[in-house]
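J.: Could you have a look at this structure, given as structure tokens, before my questions?
Bear in mind these aren't lab numbers, they're just calculated from the coordinates by the rules spelled out. As the structure is a prediction and not an experimental result, all values here were calculated from the model. Cβ sites come from the backbone with ideal geometry, for glycine too, and all protein chains shown count toward neighbours.
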Amino acid sequence: MREDGSMKLYTPPQTNLNASNIILGLMRIAELDNEEIRTLVGTARDAGINFFDHADVYGPPPHGCETRFGEAVTFSPAEREAVIIQTKVGIRPGSFDFSKEHILESVDGSLRAMNLDYIDVLLLHRPDALVEPDDVAAAFDTLESSGKVRNFGVSNHTPGQVELLKRSVTQPLAFNQVQLSITHAPLIAAGVASNMAGLDQSIDRDNGILDYSRLHDITLQAWSPFQKGFFDGVFLGDRKAFGPLNDVIDELATSYGVTPTGIAVAWITRHPANMQVVLGTTKPARVRESAAGSEVPLSRADWYRLFTAAGHVLP
């Protein structure tokens, strides 16, 4: 956060968006009442966050959380132009589906649910093993030409899967939303320990997503930034599993004048890949704390202290 309390906005490559590097994810709002949703969104806007993340599968399917959002939040024309609404498509009960028919149907459902005329960013949610790139391309062309979607990307995709899509898709795939936190950081940690036989950390589990994304101007969006692993609970305050890490986090929080939440966010936003952090919280306080940490200038030494305190190895 800058001295005037505002958040610096930037333009992710391959887009003309004016975006915050913090994204408020809305996957848990189904049980909130309208006033709680408005408070959560309003807190984000007051903190300078202008980017909001949905998916058709969040909440009671289909479009549960999107429907709650549309019921609770109304944008004036000026407000709508000032915010970025992102949603995702492709997960169905028991399968993944990138068919043209499903993509188009789902986007129409998202627009109806949120009372919107267009979506700023559409992501393909989880890789579909049966994907036909020509089908995806046809859907994206229809969505772009109709004005229903302005930017496109993927989520949880490897470089090879992105390249396969690019064989047919002509729109830039500007985003890839992936899991990343200090404790769940294989996309960073593997590169640090490359070529180290016998060290599990050196195993490349994603075919070089980080370097590929930097080389091809794809913005990574980090989901579950406070999770230990895959929905294993948060590492913040867990001194039994991550005592040394929490000691360092607490020390740096005091040093930089933010909360431990802010330090966890800063570890991601400090990386030169200019990643965005996707929050999954419904707590306004954590939204404010995350925004405050988004521009903390962690030193190189402090960034690596956090990295090693989380259990990652520097060979």
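J.: For residue 179, list long-range residues whose amide hydrogen, built 1.01 Å from N in the peptide plane, is under 5 Å from its own amide hydrogen.
T.: 223
J.: Which percent, nearest 5, of DSSP beta bridges in the chain are antiparallel?
T.: Details: 4 of 33 bridges.
Of all bridge pairs located within the chain, approximately 10 percent are antiparallel.
J.: Given axes a ≥ b ≥ c from the Cα gyration tensor, I'd like to know whether segment 178-258 is rounded (a/c under 1.5), prolate (a/b larger than b/c) or oblate. Display every interim value, and only then the final one.
T.: Values: a/c = 1.94, a/b = 1.51, b/c = 1.28.
It comes out prolate by the Cα gyration axes.
J.: Relative contact order for the chain: what is it in percent, counting Cα pairs under 8 Å that are at least 6 residues apart? Please list the in-between numbers first.
T.: Values: 611 pairs, mean separation 58.2, N = 315.
Relative contact order of the chain: 18 percent.
J.: Now for a different question. When the dipole is taken about the Cα centre of segment 22-309, and only Lys, Arg (+1) and Asp, Glu (-1) are charged at their Cβ, what size is it in debye, to the nearest 20? Kindly include the intermediate steps, with their values, before the conclusion.
T.: Working: 25 positive and 37 negative charges, 123 e Å.
My answer is approximately 580 debye.
J.: Next up: Using amide H atoms built 1.01 Å from N in the peptide plane, name the residues 5+ places from residue 84, or on other chains, whose amide H lies under 5 Å from its own.
T.: Long-range HN contacts for residue 84: 51, 52.
J.: At 20 °C and 1.002 mPa s, grab the translational diffusion coefficient of segment 229-315 from Stokes-Einstein with a Kirkwood Rh over Cα pairs, rounded to a whole number in µm² per second. Kindly include the intermediate steps, with their values, before the conclusion.
T.: Working: Rh = 13.3 Å.
Once the numbers are plugged in, D ends up at 161 µm²/s.
J.: Let me ask something additional. Quick check: residue separation of residue 274 and residue 204 times 0.36 nm, minus the Cα distance between them. What number comes out in nm?
T.: Working: separation 70, 0.36 × 70 = 25.20 nm, distance 2.14 nm.
Difference between extended and current length: 23.1 nm.
J.: When each pair of different Cα atoms in the chain is counted once in the 1/r mean, what is the Kirkwood radius in angstroms, to one decimal? Don't skip to the answer; put the middle values down first.
T.: Working: mean 1/r = 0.0500 Å⁻¹.
One over the average 1/r among Cα pairs gives 20.0 Å for the chain.
J.: Oh, and also: Mind grabbing the base-10 log of I(q)/I(0) for segment 107-265 at q = 0.21 Å⁻¹? Debye formula, identical points on the C-alpha positions, no solvent, two decimal places.
T.: Here the Debye-derived log intensity ratios amount to -1.29.
J.: Another question, then. Assign one of three labels to segment 32-130, namely rounded, prolate or oblate, based on the Cα gyration tensor with a ≥ b ≥ c the square roots of its eigenvalues; rounded applies when a/c is under 1.5, prolate when it is not and a/b is larger than b/c, and oblate otherwise.
T.: Working: a/c = 2.11, a/b = 1.81, b/c = 1.17.
Prolate, because a/c is 1.5 or more and a/b exceeds b/c.
J.: Still on this structure, I have one more. Between exposed chymotrypsin sites (Phe, Trp or Tyr not before Pro) in the chain, where DSSP calls loop and at most 11 other Cβ atoms lie within 10 Å, what's the longest gap?
T.: Maximal segment without exposed cleavage sites: 1-229.
J.: Can I ask one more? Non-local amide H neighbours of residue 174 (under 5 Å, H modeled in plane, Pro and chain starts lacking H): which ones?
T.: Result for residue 174 returns 152, 153.
J.: Here is a follow-up. Taking GluC sites (Glu not before Pro) that fall in a DSSP loop and have at most 11 other Cβ atoms within 10 Å as cut points, what is the longest piece of the chain between them?
T.: Working: sites that count: 3, 31.
By the stated rule (loop sites, at most 11 other Cβ atoms within 10 Å), 32-315.
J.: I want the antiparallel fraction of DSSP beta bridges within segment 1-142, as a percent rounded to 5. If you can, show how the numbers build up before the last one.
T.: Working: 3 of 13 bridges.
Of all bridge pairs located within segment 1-142, approximately 25 percent are antiparallel.
J.: Here is a further query. All other residues with a Cβ under 15 Å from the Cβ of residue 62 taken together, and with Lys, Arg as +1 and Asp, Glu as -1, what is their net charge? Mind showing how you got there, number by number?
T.: On the way: positive: 68, 88, 92, 112; negative: 56, 66, 97, 101, 105, 108.
Computed value for this residue: -2.
J.: Do the alpha carbons of any pairs in 100/228; 240/283; 166/228; 88/240 sit beyond 29 Å of each other, and which pairs?
T.: Beyond 29 Å: 100/228; 166/228; 88/240.
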